[in-house]
Amino acid sequence: MNIVYYILIILGGIFYAVGGLGLLRMPDVYTRAQAGTKATTLGTMLTMIGAGVVHPEWLPKIILIILFIVLTNPVGSSTLIRSAYRSRVEASGRTAIDELGAYYDREVE
Amino acid sequence: MMANVVFFALVALGLVFAVIRLFKGPTPFDRVLSMDMINIIITGLLVVIAGILDSALYLDIALVFAVLAFLETIVFARYMEGRR
Amino acid sequence: MKNYFPTFVFCFLVWILVAGAGYPELILGVAVSLALAFFIARICGIRMSWKTPLSALLFIALYVPVFLLELVKANIDVLFRVLNPKLPINPGFVRIETGISDNFSKLILANSITLTPGTISVDADDDGGIYVHWINVTGDDAGSRSEKISGRFSRILKKVML
């Protein structure tokens, strides 16, 4: 049992570190949000299930926290990205295509 | 025991990267993004600490912390939308 | 009125899960769940009925495994992109067609898109389209892109949401 716990929390820790590194390395706020959101969500799931393996009586509450995080973390990043786009934060120069600008222009008219 | 130390080291690494982005971030959105990420990491950390200290109280703290982190992100995002 | 009772039962179950089943907690839980059920059904307009648990079971059986697999794939993808010294990205904003009109399904789909490889949903319009920031744009037209990003998810969602 303890082996499973160790493997799970170390994997979770690795994803946390990768998420932080992605936050640091990516060129603009949109790509940063990608790295941050995905890595931390899986990292949180893994560490929490790891903690639940050692204490099975906590599992219901831990699953509730995991559900909450999986439901809200993407919503938070989406809202943040949308408001960044609406505030005209510049995307990185490597951005290839932009179909969203046309939609907002149409909305303004 | 060793695994816990490795886990805390990795989490500290992630937190340090996020804090660097928090201070560097060219736009306010970068800062809120790294705040959001720090909050999620702390939520996971709280659950692991609950396991290590063997106290279920920390689970409630983690739950409330997750709710507050979500609200914080949403409020900041809506507040900054369309400024400038 | 028909919506209130299932919503109330659901809120009450979550309350018991969090607060425990002591005597004072139960009374407070009834009060809080009533208020929440009223709020959710009336103001937020989320519809719950007795068919919801069946939907939820189907959802867990069909959707969640696919979603978890995609989540793990997404993270391995992020891992390699971040650790690669050349940072291989080709980002862009694209519109994808989902063919889903129900608000709740759209929320689930948008969340899934955010957590799957290389994409994060930004906004949704009223015709069932979702605007997506894609870290590595491939494909030439909207159809092939939609299929690539959300094809599997939207097919299962249409089956599951009764």
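The values are calculated or read from the model by the stated rules, or taken from the named source; none is laboratory data. Remember, it's a predicted structure, so these values are computed and weren't measured experimentally. All Cβ positions, even for glycine, are placed from backbone atoms using ideal geometry, and neighbour counts span all protein chains on display. Note: areas computed on protein heavy atoms with side chains; ligands, DNA, RNA excluded. Shrake-Rupley method; radii C 1.70, N 1.55, O 1.52, S 1.80 Å.
Taking the condition of being at pLDDT 70 or above, closer than 13 Å to C:V94 by Cβ and small (G, A, S), how many residues in segment C:113-145 meet it?
Total satisfying the criteria: 4.
Any residue that is open to solvent by 40 Å² or more (accessible area, probe 1.4 Å) and at the interface with another protein chain (Cβ under 7 Å from one of its Cβ atoms) - is there at least one of those in segment A:43-57? Please lay out each step first, then the result.
Our first condition is that a residue be open to solvent by 40 Å² or more (accessible area, probe 1.4 Å); within segment A:43-57, this holds for A:49, A:54, A:56-57.
Those still in the list that are at the interface with another protein chain (Cβ under 7 Å from one of its Cβ atoms) too: A:54.
Checked segment A:43-57: at least one residue is open to solvent by 40 Å² or more (accessible area, probe 1.4 Å) and at the interface with another protein chain (Cβ under 7 Å from one of its Cβ atoms).
If B:M1 satisfies every condition in (1) without any contact (Cβ under 8 Å) to a residue 12 or more places away in the chain; (2) open to solvent by less than 10 Å² (accessible area, probe 1.4 Å); (3) of a type outside the set (K, R) but one, which is the exception?
The failed condition is (2).
In segment A:69-94, how many are at pLDDT below 65 and either in contact with a His (Cβ under 9 Å, 6 or more places away or on another chain) or more than 7 Å from every other protein chain (Cβ to nearest Cβ) (or both)? Step through it out loud before you land on a result.
Of all residues in segment A:69-94, those at pLDDT below 65 come to A:93-94.
So of that shortlist, the ones also either in contact with a His (Cβ under 9 Å, 6 or more places away or on another chain) or more than 7 Å from every other protein chain (Cβ to nearest Cβ) (or both) come out as A:93.
Final tally of qualifying residues: 1.
Find the helices (runs of 4 or more DSSP H) located wholly in segment C:10-119 whose residues include 3 or more that are outside the structural domain of C:K148 (by TED's automatic domain parsing) and open to solvent by less than 70 Å² (accessible area, probe 1.4 Å), and list them.
Helices (runs of 4 or more DSSP H) meeting the threshold: C:23-38.
Name the residues in segment A:27-45 that are among the aliphatic types (A, V, I, L, M) and either in contact with a Ser or Thr (Cβ under 8 Å, 6 or more places away or on another chain) or closer than 15 Å to B:T43 by Cα (or both), would you?
A:V29, A:A33, A:A39, A:L42, A:M45
Could you grab me the full set of residues in segment A:1-16 that are within 17 Å of C:L83 (Cα to Cα) and either among the polar types (S, T, N, Q) or open to solvent by 10 Å² or more (accessible area, probe 1.4 Å) (or both)?
A:L11, A:I14, A:F15
If a residue has to be open to solvent by 10 Å² or more (accessible area, probe 1.4 Å), more than 8 Å from chain B (Cβ to nearest Cβ) and assigned to a helix (DSSP H, G or I) to count, how many in segment A:19-36 make the cut?
The number of residues fulfilling the criteria is 1.
Got a sec? Which of B:F23, B:F70, B:F76, B:F17 is free of Cβ contacts under 8 Å to residues at least 12 places away in the same chain and open to solvent by 60 Å² or more (accessible area, probe 1.4 Å)?
B:F23
Give all pairs with beta carbons closer than 9 Å in which a residue from segment A:63-76 that is among the aromatic types (F, W, Y) meets a residue that is part of a helix (DSSP H, G or I); count only pairs at least 6 apart in sequence or on separate chains.
Once the first residue is among the aromatic types (F, W, Y) and sits in segment A:63-76, its partners that are part of a helix (DSSP H, G or I) give A:F68/B:L63; A:F68/B:A66; A:F68/B:V67; A:F68/B:F70.
In segment B:55-67, how many are open to solvent by less than 40 Å² (accessible area, probe 1.4 Å), more than 8 Å from chain A (Cβ to nearest Cβ) and at pLDDT 90 or above? Reasoning before the result, please.
If we filter segment B:55-67 for residues that are open to solvent by less than 40 Å² (accessible area, probe 1.4 Å), which is where we start, we get B:55, B:59, B:62-63, B:66.
If we keep only those that are more than 8 Å from chain A (Cβ to nearest Cβ) too, we end up with B:55.
Narrowing the set further to residues that are at pLDDT 90 or above leaves none.
Residues flagged as open to solvent by less than 40 Å² (accessible area, probe 1.4 Å), more than 8 Å from chain A (Cβ to nearest Cβ) and at pLDDT 90 or above within segment B:55-67 amount to 0.
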